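Before any comments, here is the structure.
What follows is calculated from the coordinates using simple rules that are stated; it is not laboratory data. On a predicted model such as this, the values are computed, not experimentally measured, just so you know. Heads up, the Cβs are rebuilt from the backbone with ideal geometry, glycines too, and the neighbour counts pull from every protein chain shown.
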Amino acid sequence: MENIRIGIAGLGRLGYRHAENIAFKTPGAELVAVCSVTGRELERAAIDFPRATAYTDYAALLTDQSLDAIFISTPSDLHCRQIEAALGAGFHVFSEKPLGVNVPECEHVELVVAQHPNQVFMLGFMRRYDESYAYAKQQIDAGKIGTPFLVRAYGLDPEALIEGAIRFAPTSGGIFLDMAIHDIDLANWFLGGQPDSVYAIGGSFVHSEFAEFGDCDNACAMLQYRNGGMALLYAGRTAAHGYHIETEIIGSKGALRISPVPQKNLVQVYGAGGVMQECVGGFFERFEDAYLNELHEFVRCIREERQPEVKVEDGTLATRIAFAATEAYREKKIVRF
Ligand SMILES: NC(=O)c1ccc[n+]([C@@H]2O[C@H](COP(=O)([O-])OP(=O)(O)OC[C@H]3O[C@@H](n4cnc5c(N)ncnc54)[C@H](O)[C@@H]3O)[C@@H](O)[C@H]2O)c1
């Protein structure tokens, strides 16, 4: 069978890694085109991906008839309209999370996806493809912890990455949409439903820049689910020790914990200062396999003419909850759906 021919839009922090994964780590797929509005990224891409056609204009990328699929890794506020344009041009589409930066545009893109049932659409909730999270879900589905009723999640970025977060702040949609969205989707997935109310608190404790955008550097949300389930989410941008993604799912007959110590490896260093365990440094390191697994699933879905488990509706739901959390934080009130 012929290779699935992919064009990627966005060659930034994450997009470049996706491009490398498509080009070098995905049998049966080919990186045929790259698109970026940043000259130095395209110069680097010309060296690393010499056979890929380079575009500086997304509309021009979509005229490339040699492509089967578009992989979107551009700023979050562009996702919905770029998804719509790519589906309209006849391509299969993968989009990075979040689906959109407001609920109406997500609802609109849901309709657009529904109008193209024969084209694969996949959203980048890659944690579902991380082996530990997938294993936890299997354990829950097998009844190993009874009925899950509480998800407690930590999603902490290291202080070392703060410059990028500040640069991204004007278009990120805020801490709940940008960061907690993964944990929101996981809570929906693990608890098997959707919340009917949310409350949130937070503050700019270290970097006042976030407050300019109605955002903050550390925040918590508390969600009540329609089926009685609960979620407690903590998102932060200033962790001193590294990238700390931890999830606990508590059920009527037991609990599961995923990476309570975000360890880099199994080495402990015994020194004069005590016993030291190094921490993962960032999302590439922690979720390297998950990014690859989701990409491979996207390519398999195209080949097998089926849709992935992560649906466009999951993206709208997570965005709706993230917005409700943002509103709850800004207006200091419980938001009901
Ligand atoms: N799944 C995850 O864990 C994860 C992690 C990081 C980022 N993300 C998401 O990935 C997306 C990209 O984030 P990033 O940190 O790589 O951003 P970035 O700012 O580093 O890169 C953005 C890229 O988009 C390109 N771009 C901007 N406007 C464009 C346009 N009109 N047409 C084509 N290309 C355009 C830029 O040239 C650049 O290459 C965001 O939506 C972010 O939320 C997801």
TODO: Counting only C-alpha contacts under 8 Å and six or more residues apart, can you give the relative contact order of the chain as a whole percent?
DONE: 20 percent
Open item on the list: What percentages make up the Cα-Cα pair-distance distribution of the stretch 151-252 when the bins are 5 Å wide from 0?
Closed with: 3, 14, 24, 23, 16, 11, 7, 2, 0
Task: Square roots of 5 times each gyration tensor eigenvalue, C-alpha, the chain, largest first, Å - done: 31, 23, 22
Open item on the list: Are there any GluC sites (Glu not before Pro) in the stretch 1-84 that are in a DSSP loop and have at most 16 other Cβ atoms within 10 Å? List them by number.
Closed with: Glu2
TODO: Please report how many Lys pairs in the chain have alpha carbons closer than 19 angstrom, counting only residues at least 8 apart along the chain or sitting on separate chains.
DONE: 4
Task: Model label zone, Ser132; criterion: amide N under 13 Å from point 7 Å along Cα-to-beta-carbon; scope the stretch 286-308 - done: 286-290
- [ ] Could you work out the local net charge near Ala29, counting Lys and Arg as +1, Asp and Glu as -1, over the other residues with Cβ closer than 11 Å to its Cβ?
- [x] +1
TODO: Under a 10 Å cutoff between Cα atoms, tell me which one of Gly228, Gly271, Gly155 has the largest fluctuation in the Gaussian network model of the chain.
DONE: Gly271
Open item on the list: Per 0.36 nm of contour for each residue apart, how much would the distance between Arg257 and Met276 grow if the chain were fully extended, relative to their Cα-Cα spacing?
Closed with: 4.7 nm
